[in-house]
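Trainee: Structure in structure tokens, see below.
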Amino acid sequence: MDTAALLDRPLWWHVRGLSYTASGYGAKIPTRGMVHYQGRDRRIYCTIYSNSGTCWIVVKGRKHIVSDDYQGNVTIAATPWGS
């Protein structure tokens, strides 16, 4: 597991208080967060249905799960999701 600082990089609809989808649910919802990981800034996405979601980043075309420590840092899974 690796750690990285959580960056607040809202997209235009975040700034306007809107949702990416009408329902707020979906398979690849862009969040307002990014992390600097392996030399690049990477958008954090969330797969969310019902009241549960999983957040992840894309590294070399593979999803890596991220979790927030609520202190401005995220932990990034070393093994891609579904491996």
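Read the figures in this text as sums done on the coordinates, not as results from a lab. Quantities reported herein were computed from a predicted structural model and do not represent experimental measurements. Methodologically, a virtual Cβ is constructed for each residue, glycine included, from the backbone with ideal geometry; neighbour enumeration extends over all protein chains shown.
Trainee: Given +1 on the Cβ of Lys and Arg, -1 on the Cβ of Asp and Glu, and no further charges, what dipole in debye does the range 36-83 carry about its Cα centre, rounded to the nearest 20? Before the final figure, lay out each step's value.
Mentor: Values: 6 positive and 3 negative charges, 62 e Å.
Using only the charged Cβ atoms, the result is roughly 300 debye.
Trainee: Classify the range 2-76: rounded, prolate or oblate, from the alpha-carbon gyration tensor (a ≥ b ≥ c, eigenvalue square roots; a/c under 1.5 rounded; otherwise prolate if a/b is larger than b/c)? Walk me through the numbers before you get to the answer.
Mentor: Working: a/c = 1.69, a/b = 1.42, b/c = 1.19.
It comes out prolate by the Cα gyration axes.
Trainee: Rounded to the nearest 500, what is the chain's calculated 222 nm mean residue ellipticity when only DSSP H runs of at least 4 contribute -39500 (n - 2.57) each, over all residues?
Mentor: Details: 1 runs with 4 residues, N = 83.
That comes out to -500 deg cm²/dmol.
Trainee: Report, in debye and to the nearest 20, how large the dipole of the range 2-76 comes out about its Cα centre when Lys and Arg carry +1 and Asp and Glu carry -1 on their Cβ. Numbers along the way, then the final one.
Mentor: Values: 10 positive and 5 negative charges, 77 e Å.
It comes to approximately 360 debye.
Trainee: Let me ask something else. Classify the range 38-81 as rounded, prolate or oblate, taking a ≥ b ≥ c as the square roots of the eigenvalues of its Cα gyration tensor: rounded when a/c is under 1.5, otherwise prolate if a/b is larger than b/c and oblate if not.
Mentor: Numbers: a/c = 1.89, a/b = 1.23, b/c = 1.53.
It is oblate, given that a/c is not under 1.5 and a/b is not larger than b/c.
Trainee: Sort 47-53, 33-39 for me by packing, meaning the mean count of neighbouring Cβ atoms within 10 Å per residue, highest on top.
Mentor: Numbers: 47-53: 11.9, 33-39: 16.3.
Output ranking for 47-53, 33-39: 33-39, 47-53.
Trainee: Still on this structure, please answer the following. Which residues in the range 2-44 place their backbone N less than 18 Å from a point set 7 Å from the Cα of D69 along the Cα-to-Cβ direction?
Mentor: Inside the label zone: 2-8, 34-38.
Trainee: Give the residues of the range 44-67 whose amide nitrogen is closer than 18 Å to a point set 7 Å from the Cα of A77 in the direction of its Cβ.
Mentor: Output list for this probe position: 44-49, 52-67.
Trainee: Longest exposed-loop-site-free stretch of the chain, with trypsin sites (Lys or Arg not before Pro), DSSP loop and at most 16 other Cβ within 10 Å? All intermediate terms of the calculation are to be shown ahead of the outcome.
Mentor: Working: sites that count: R16, K60.
The segment 17-59 is the longest one with no such site.
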